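These notes are about the structure you will find just below.
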Amino acid sequence: MKLKKYLKLFALFAIALSIVTVKAYAKGQKSGAIVYKRFTDIGEGSAYNYKGEADCYTDSKNNKLYIDVDDFFNSLMGTAKESQVKADAGKKSVVVKTGKKYKEKYANGKGIEFPKSVKGKPENIKFNIDGKNISIKGYVVTVKVQEVSFNSYWQEVWKEYTEKVMLVDFDELAKKLDLISDKNMSKRKYLLCTKLPDGIVELKTGKKPIESYDFNNDTSVEEISGYDIDVTWSSPIKNYLYEENGDLVRIECKEGDEKNKKSKANKVIVNRYDKTGNLISTKTLDYQGEKFGGFYRGEDYNYLIFGNDNREHKDNKEVVRIVKYDRDFIEIAKLSVNGAYTWEPFGAGSLRCGEIGNIILVHTARGRYDGHQSSLTIAFDEDDMSLLNADDLGAFQRDHVSHSFNQFVMPEGNEFIVIDHGDGYPRSILANWLITEPLIPNFDYIDWWELEQAEEGKYSYFKRFLSSKKKEILDIPGGGGANQTGVSIGSAANMANKVLVGVNRMDYSKAKSFNSYIIEGKDVYKRDIVLYSLDKNTLEVTENKYTDYTKDKNTTYTAPKMVKLDDTRVMLIWNKLNMTWKKLNDQIIIKNLKTSVLQYLIVDENGKKLSEIKTVKGMIIADETPIIYNNKVVWSQYSGGRLVLNQIPLK
């Protein structure tokens, strides 16, 4: 005998929980018989289906699966097709209202035993689905129900009775409800999920849904609301998209056991898709280090960047490896960066790259020998894969920022514009112009000790990647080194006349104090969408605020991603979250996410709105940078168990 549900027996005086489980298995299956079996739910609603199984009969000869009507709709809990169901086995009828809350039939304390098999042909079961009458083939069987309750002395009281249950054709009912369905008869598992909404395309794997869909891998807003809300620093980007010869190429790093950084489970997956989302090819590359730093698609070559921790503080240990590939990801060469005053490459930061001629600049972060954290800038010649700033990989680089929690790079003529999110030195969002040509240092910045060493041949007078100018775009309140800053950078873009930096930012007038754990004050974790426009000639900054969290209860916004439409226009994309916060102690804030929607806006390089804010349901944007593909702004995420491509058409 198998319980329809686990029997949850609550004894108030003992404050204990007991679970009674009764099992039933079909024995002596006959050839051609329609036999009782238990099937496992691995579909979209499986996270809500605590039972996780379904009572079924299988007709192996005809590849038919007949599923308990209540179990079928139990598998749709939490999905867009969750339904209110009224089943009458005596009348062989079922009334379904989609979009309504499902009420489970079997309450706690009830179990059910099915016959081992059924005979005869299936009959018509009448369904009314949202007012439309249809018939689906199925069986009506008599089952034994076992129910337990407690008397006034808290003694168990059991009773048994029989009732009728309907089981219907799994595939037919899924088709009538416009669901994606799949089943594996030998492994006794089934899958149900809703179809994707308009504007979202599945990036296919070439495998059946039951073999490829993974509903535990969906992108959640909890994953993206860390740095954007209350985690003070960013992390390396794990997914990248780009267009190549009309195809869409996606880079994703897949990491295995966190305890074993050298695990062979750590892979970089390169998938190529056609315009309709069909998989053309896939390639798997092993990590060439303990951790993944990032990917960069240069003008002629592709680059993957890996890192290794250096807890021993050895100057001869490789901490960063830059691997050069051709367009087919065949390895050409590699560059090792050793020591670099780094024990943790990419620590508490991201990684982005830029290219000018044969020079590639990598801007990232590091945990340092002295226990602090700062930016880390690496420049190399892509032709011979040689370091160009080997003289500047010590404790304080020429573009030093500490702490630096997010990094961006943009080429501008013969200079790189780098953006840092600093919390101490400086405590600001900083834009810095780095000169690529070797120059004698400006005497305002000159290190006289280095000049003395230069006379002895230990240094060159001619320095690369000196700062020609810099500007603090946002001066952040609070004491230097307080990790909490109340702002996060989502994106940056170099325009015709301006540098744009998109952030979500708190109302600093409501903050009483900042430390490395929390911000004291009212609404300090609620943020609005702000775009800073920095004039590249005058260095004047214009602030543009597009949202107002006070208009909606418990509302905040994630840091906006930016897509450059042309030299004077961008699209900003962000998530609008309904979220609550609770202070647990002086160091911990508990957040509870309720709902989210996607929003986007088009503005010019001055920040002037060129469209209204538009809202889209069913999409989330995370750390992946959107691109323009087939006249649409696109990015990928895992949704409904599938890898999908979100699309916003450009008119």
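The values are calculated or read from the model by the stated rules, or taken from the named source; none is laboratory data. The model shown is predicted, which means the values in this text are computed figures rather than measured ones. Every residue, glycine among them, receives a Cβ derived from its backbone with ideal geometry; neighbour counts consider all protein chains shown. Quick note on the areas: whole protein, heavy atoms, side chains included, nothing else; ligands and nucleic acids left out. Shrake-Rupley method; radii C 1.70, N 1.55, O 1.52, S 1.80 Å.
For residue 166, the conditions (1) open to solvent by less than 20 Å² (accessible area, probe 1.4 Å); (2) modelled with pLDDT of 95 or more; (3) assigned to a loop (DSSP other than H, G, I, E, B) are fulfilled apart from (3).
Being among the charged types (D, E, K, R), surrounded by fewer than 17 Cβ atoms within 10 Å (Cβ to Cβ) and either in contact with a Phe, Trp or Tyr (Cβ under 8 Å, 6 or more places away or on another chain) or modelled with pLDDT under 95 (or both), is that true of even one residue in the range 225-235?
no
Checking each residue in the range 84-105 for being in contact (Cβ under 8 Å) with a residue 24 or more places away in the chain and within 26 Å of residue 182 (Cβ to Cβ) picks out 87, 94, 96, 97, 98, 102, 104, 105. Each residue in the range 607-621 was checked for being open to solvent by less than 30 Å² (accessible area, probe 1.4 Å) and in contact (Cβ under 8 Å) with a residue 40 or more places away in the chain, and 4 of them qualify.
Going by what's in this entry, would residue 573 be described as within 22 Å of residue 214 (Cβ to Cβ) and either open to solvent by less than 30 Å² (accessible area, probe 1.4 Å) or in contact with a His (Cβ under 7 Å, 6 or more places away or on another chain) (or both)? Quick ask: steps written out before the conclusion?
On the way: within 22 Å of residue 214 (Cβ to Cβ): no; either open to solvent by less than 30 Å² (accessible area, probe 1.4 Å) or in contact with a His (Cβ under 7 Å, 6 or more places away or on another chain) (or both): yes.
So residue 573 does not fit the description; no.
Just give me the residues in the range 333-348 being in contact with a Phe, Trp or Tyr (Cβ under 6 Å, 6 or more places away or on another chain) and either under 28 Å from residue 282 (Cβ atoms) or open to solvent by less than 50 Å² (accessible area, probe 1.4 Å) (or both), in sequence order. Residues satisfying the conditions are 335, 348. Contact annotation: residue pairs with Cβ atoms under 9 Å, 6 or more positions apart or on different chains, pairing a residue in the range 260-279 that is open to solvent by 70 Å² or more (accessible area, probe 1.4 Å) with a partner that is modelled with pLDDT of 95 or more and basic (Lys, Arg), are 261/291; 276/204. Which of the residues belonging to the range 106-148 are open to solvent by 20 Å² or more (accessible area, probe 1.4 Å), at pLDDT below 95 and small (Gly, Ala, Ser)? The answer is 107, 120. For the range 606-651, the strands (runs of 3 or more DSSP E) that sit wholly inside it and include 3 or more residues that are more than 23 Å from residue 81 (Cβ to Cβ) and modelled with pLDDT of 95 or more are 627-629, 632-639. For residue 50, the test of being at pLDDT 50 or above, open to solvent by 50 Å² or more (accessible area, probe 1.4 Å) and of a type in the set (Ser, Thr, Tyr) is passed. Evaluating residue 83 against the criteria (1) out of contact with any Gly (no Cβ under 6 Å at 6 or more places or on another chain); (2) more than 23 Å from residue 34 (Cβ to Cβ); (3) surrounded by fewer than 15 Cβ atoms within 10 Å (Cβ to Cβ) leaves one unmet condition, (3). Tallying residues that are touching a helix residue (DSSP H, G or I) at 6+ places or on another chain (Cβ under 7 Å) and either open to solvent by 40 Å² or more (accessible area, probe 1.4 Å) or at pLDDT 95 or above (or both) within the range 576-592 yields 1. Do you know which of the residues in the range 172-187 that are under 22 Å from residue 126 (Cα atoms) and open to solvent by 50 Å² or more (accessible area, probe 1.4 Å) is farthest from the chain's Cα centre (by Cα)? Across the range 172-187, the extreme among qualifying residues is 172.
Those strands (runs of 3 or more DSSP E) of the range 519-593 in which at least 2 residues are under 20 Å from the mean Cα position of the chain (by Cα), considering only elements entirely within it, cover 555-557, 561-564, 569-583.
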